[in-house]
Amino acid sequence: MDLRATVSLLLLLLLGLCNAHEGNDHGDDNVDNSDMEDLTTTILRMNNGSSDFLLEGDVLIPRTRNAMKCFNQAYTCLWQKSANGNVEIPFLISQKYDDTERSEILGAMKDFEYKTCIRFIPRATQRAYLSIEPRYGCSSLLGSTGGKQVLSLQRFGCVRHSIIQHELLHALGFYHEHTRSDRDQYVKINWDNIYKYFVYNFQKKDTNNLNTPYDYSSVMHYGRTAFGKRQLETIIPIPDSSVPIGQREELSKMDIVRINRLYKCRGY
């Protein structure tokens with residue numbers, strides 16, 4: 001076989017390998033670097049290249065205009081409380097997850113049940129439910145939409161306790177901490193360090209803060225370099241710039257208080 005034929009054969013083999021990889025589920029061949037990153041870095045890395053419009057990096061914007069009411073007042077899109085006093089949220093988990101991933105998702109859900117009146121229950125025939133699927137990246141809609149709503153947890157990156165709980169909190173109706181209405185008293189936004197086409201991710205929201213203090217330790221707080229040019233710092237705590245942010249591995253105490261207040265759980 002001459003050199004030209006050998007090169008052609010190698011190119012064909014490489015092309016075949018590439019096509020085989022493209023046929024797999026998103027992320028199956030990625031290296032999971034999430035243990036070495038803060039929550040924000042992982043979410044934004046996993047969502048890089050998504051074809052969806054994602055507010056603040058991971059909040060999926062619905063395509064129907066009437067669903068936008070949740071972005072004005074998230075608490076108008078709450079999941080309904082059952083007669084037993086609990087908020088029962090039906091869910092399905094895609095069969096594409098392996099047993100370890102499924103266990104991680106269920107464990108993150110169970111953590112809500114120990115501390116709040118939220119109960120995640122397997123879906124039977126309910127119209128409104130969460131469909132947890134390994135689509136591109138880590139993302140969720142805001143609040144309940146009244147029907148099937150996909151919560152994306154891409155394999156090899158998004159199936160991590162803190163990220164699962166972060167996206168579930170979006171589904172419950174919570175924004176990111178760094179965009180709450182009083183944030184300028186607690187963090188400084190370095191606008192010059194933000195790519196101009198990402199500035200909208202730092203716009204304050206008319207949030208219902210539920211009479212709770214700003215929480216640097218919230219699982220909903222983004223890290224210092226979120227949307228930063230060349231990994232420059234974009235969010236700086238004030239007056240103490242050394243306060244850790246974006247490192248939370250689970251629901252904070254204040255996250256739990258807010259869930260219970262928003263959903264009027266007994267005792268709150």
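Taken together, the values in this text are just the output of simple stated rules run on the coordinates, not laboratory data. If you're wondering where the values come from, they're calculated on a predicted model, not measured in any experiment.
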Worksheet item: Taking 0.36 nm per residue of separation and subtracting the Cα-Cα distance, what length does fully extending residue 204 through residue 236 add?
Response: 10.0 nm
Item to complete: Work out how far the C-alpha atoms of segment 159-268 reach from end to end along every principal axis, then list the three figures in whole Å, largest first.
Response: 45, 32, 27
Fill in: For segment 76-234, fraction of C-alpha pairs farther apart than 27 Å, in %
30 percent
Worksheet, complete the sentence: Using alpha carbon positions and the Kirkwood radius, the Rg to Rh ratio of segment 127-213 is 1.02
